[in-house]
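Student: Following this message is one structure expressed as structure tokens.
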Amino acid sequence: MAELKTKMTDASVAKFIDAIPDESIKRDCRTIMEIMKKATGAKPKMWGSSIVGFGSYHYKYQYFTKIERVPENRGAGVRPHPCFRASPRRFVIY
């Protein structure tokens, strides 16, 4: 199974937001951060280089083989939830 690209890091959320050049996106990030902190009670953490997450969930999925109809594990991992992604031109809430 392939290794997940998006993992929680020790990077500073404040430094990440401060580095965003567009002031309106920076302001949106701070606003949504406050909303997500209040809603989840979790502290923001960086996931990868541009995702800010508030908590996480573990997932596992499987599929059934066509011939034997037997479940086969396909993968598992950890994802941030909820989270948002900010880039110099965009802001996305997941």
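Student: Return yes when Arg90 is surrounded by fewer than 17 Cβ atoms within 10 Å (Cβ to Cβ), among the basic types (Lys, Arg) and either more than 16 Å from the chain's Cα centre (by Cα) or modelled with pLDDT of 90 or more (or both) and no when it is not.
Tutor: No, not satisfied.
Student: Output yes when any residue across the range 8-24 is within 13 Å of the chain's Cα centre (by Cα), at pLDDT 90 or above and among the hydroxyl-bearing types (Ser, Thr, Tyr), and no when none is. Give the steps one after another, and end with the answer.
Tutor: Step one: of the range 8-24, the residues within 13 Å of the chain's Cα centre (by Cα) are 8-9, 13.
Narrowing the set further to residues that are at pLDDT 90 or above leaves 9, 13.
Going one step further and asking which of them are among the hydroxyl-bearing types (Ser, Thr, Tyr), we end up with 9.
Yes; the residues of the range 8-24 include at least one that is within 13 Å of the chain's Cα centre (by Cα), at pLDDT 90 or above and among the hydroxyl-bearing types (Ser, Thr, Tyr).
Student: Shifting gears a bit: Do we find that Met33 is closer than 20 Å to Met8 by Cα, in a strand (DSSP E or B), under 16 Å from the mean Cα position of the chain (by Cα) and modelled with pLDDT of 90 or more in this structure?
Tutor: Details: closer than 20 Å to Met8 by Cα: yes; in a strand (DSSP E or B): no; under 16 Å from the mean Cα position of the chain (by Cα): yes; modelled with pLDDT of 90 or more: yes.
Judged against the criteria, Met33 is not a match.
Student: Is at least one residue of the range 38-56 among the hydroxyl-bearing types (Ser, Thr, Tyr), modelled with pLDDT of 75 or more and in a strand (DSSP E or B)? Talk me through it step by step, then tell me what you get.
Tutor: Within the range 38-56, the subset among the hydroxyl-bearing types (Ser, Thr, Tyr) is 40, 49-50, 56.
Now drop any that are not modelled with pLDDT of 75 or more, which leaves 40, 49-50, 56.
Imposing the further condition that a residue be in a strand (DSSP E or B) reduces the set to 56.
Within the range 38-56 (the criterion being among the hydroxyl-bearing types (Ser, Thr, Tyr), modelled with pLDDT of 75 or more and in a strand (DSSP E or B)), the answer is yes, since at least one residue qualifies.
The values are calculated or read from the model by the stated rules, or taken from the named source; none is laboratory data. Remember, predicted model here, so these are calculated numbers, not experimental data. Every residue, glycine as well, gets a Cβ built from its backbone with ideal geometry; the counts of neighbours run over all protein chains shown.
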